[in-house]
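Below is one structure, written out as structure tokens, with a few remarks after it.
The values are calculated or read from the model by the stated rules, or taken from the named source; none is laboratory data. Owing to the predicted nature of the structure, the values given are computational and were not obtained by experimental measurement. Every residue, glycine among them, receives a Cβ derived from its backbone with ideal geometry; neighbour counts consider all protein chains shown.
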Amino acid sequence: MTKQSTSELMTTRRGAVALLGSALTTGCLRLSESSGPGSEYFSTRSDALEYASSFAIDETYSLDHPGNPPEVIQHDTVYSGASGSSGPNGSSFNSNDIIVRPIEDPIEIGGSTDRCIKVQDLVTDSQAVFQPDSSSGSILIDRFLIEIQGEGGLESQTPRFSVSQGDFAELEGSWNIEDQLFEQNIFGRYVVELREKETVIGVTGADTIAIGYQWGMEQTAEAVFITRHPMVDEAWTIEFSLDDVDQTVEGTHRPDEDVFEIDLTQFDAASNLYSWELTAYDDDGPEGVEQTKFRLYADGTDNGVFID
């Protein structure tokens, strides 16, 4: 199956990630297991496993909330977006945006349409409603994004509305958020409704989206270990890539150890310190289309991967 394209929307928030020069050695010091070049980045396998697994949550909960088939609107299977922030003890947070598009024709919203957007998490039954101001004027949209901060919570007070394949328009309005909807769980099952007054005129299916995913990364000379939370589906494909290296490597689920493991020996890459990205795919997403479930990434020297 052909991979979905990398999102333009993703790069506008994450930003371009450049190859980091090998002379940059600031950041977390690793426990060296060799004395060769870059050895300051290497831990023993046991220490790497202990550190990366330490951020996995102890509890788990069911994501078995199937929802209903989509009508008029659906979760986007082409574009994805993510943001990140720093956490305690060298960890990081990543959140993925909720992106929705019409199944067929563009949708009008705002002005006198009296339409609003409702988001519900089927796991917690919490919800949030965005109500455009009636004085804002109406726009015709082909996609909208609810952008989430790295640690959770809304990044902006209005969704981003795409009006023409990447051009965006402002639409003033306000959110009514129940029970800190976008800050409760690492994984939720999100359904989005388009409403006109009290009538549902469009609804997505339920989609698993990661918000506030906390992770730590540690490596040996041969492998990288990254936090894996217990709700991650073992059927999801894990892909790992290095910036400026035209290659991806499939990661391994280690549920008993609460980590993903990536074999660095599979990379054909020059010795250097690299920024990286881990992507989890559901190979059988909505309508049989491969879909991104979450992205984790590191842009800086603190969590860069060193190829020996």
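Among the residues of the stretch 251-298, those identified as at pLDDT 95 or above and charged (D, E, K, R) are R254, D256, E257, D258, E261, D263, D268, E277.
Only one of the numbered conditions (1) more than 17 Å from A210 (Cβ to Cβ); (2) in a loop (DSSP other than H, G, I, E, B); (3) hydrophobic (A, V, I, L, M, F, W, C) is violated by L49, and that is (2).
Does the stretch 14-30 contain at least one residue that is at pLDDT 90 or above, within 29 Å of T237 (Cβ to Cβ) and in a loop (DSSP other than H, G, I, E, B)?
no
Each row is one residue, and each column tells you yes or no for (1) in contact with a Ser or Thr (Cβ under 7 Å, 6 or more places away or on another chain); (2) more than 22 Å from Y213 (Cβ to Cβ).
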residue: N68; (1), (2): no, yes
residue: Q74; (1), (2): yes, yes
residue: P88; (1), (2): no, no
residue: S95; (1), (2): yes, no
residue: R101; (1), (2): no, yes
residue: I107; (1), (2): no, yes
residue: R115; (1), (2): no, yes
residue: V129; (1), (2): no, yes
residue: L140; (1), (2): no, yes
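Between F161, F225, the distinction of being within 15 Å of I117 (Cβ to Cβ), of a type in the set (A, V, I, L, M, F, W, C) and assigned to a strand (DSSP E or B) belongs to F161 only. Here D233 meets each of (1) of a type in the set (D, E); (2) in a loop (DSSP other than H, G, I, E, B); (3) closer than 18 Å to D76 by Cβ with one exception, condition (3). Considering L171, L145, the condition of being in a loop (DSSP other than H, G, I, E, B) and either closer than 17 Å to I73 by Cβ or touching a helix residue (DSSP H, G or I) at 6+ places or on another chain (Cβ under 7 Å) (or both) is satisfied by L171 alone.
Would it be correct to say that E193 is surrounded by 15 or more Cβ atoms within 10 Å (Cβ to Cβ), in a strand (DSSP E or B) and either at negative phi or outside the structural domain of V232 (by TED's automatic domain parsing) (or both)?
yes
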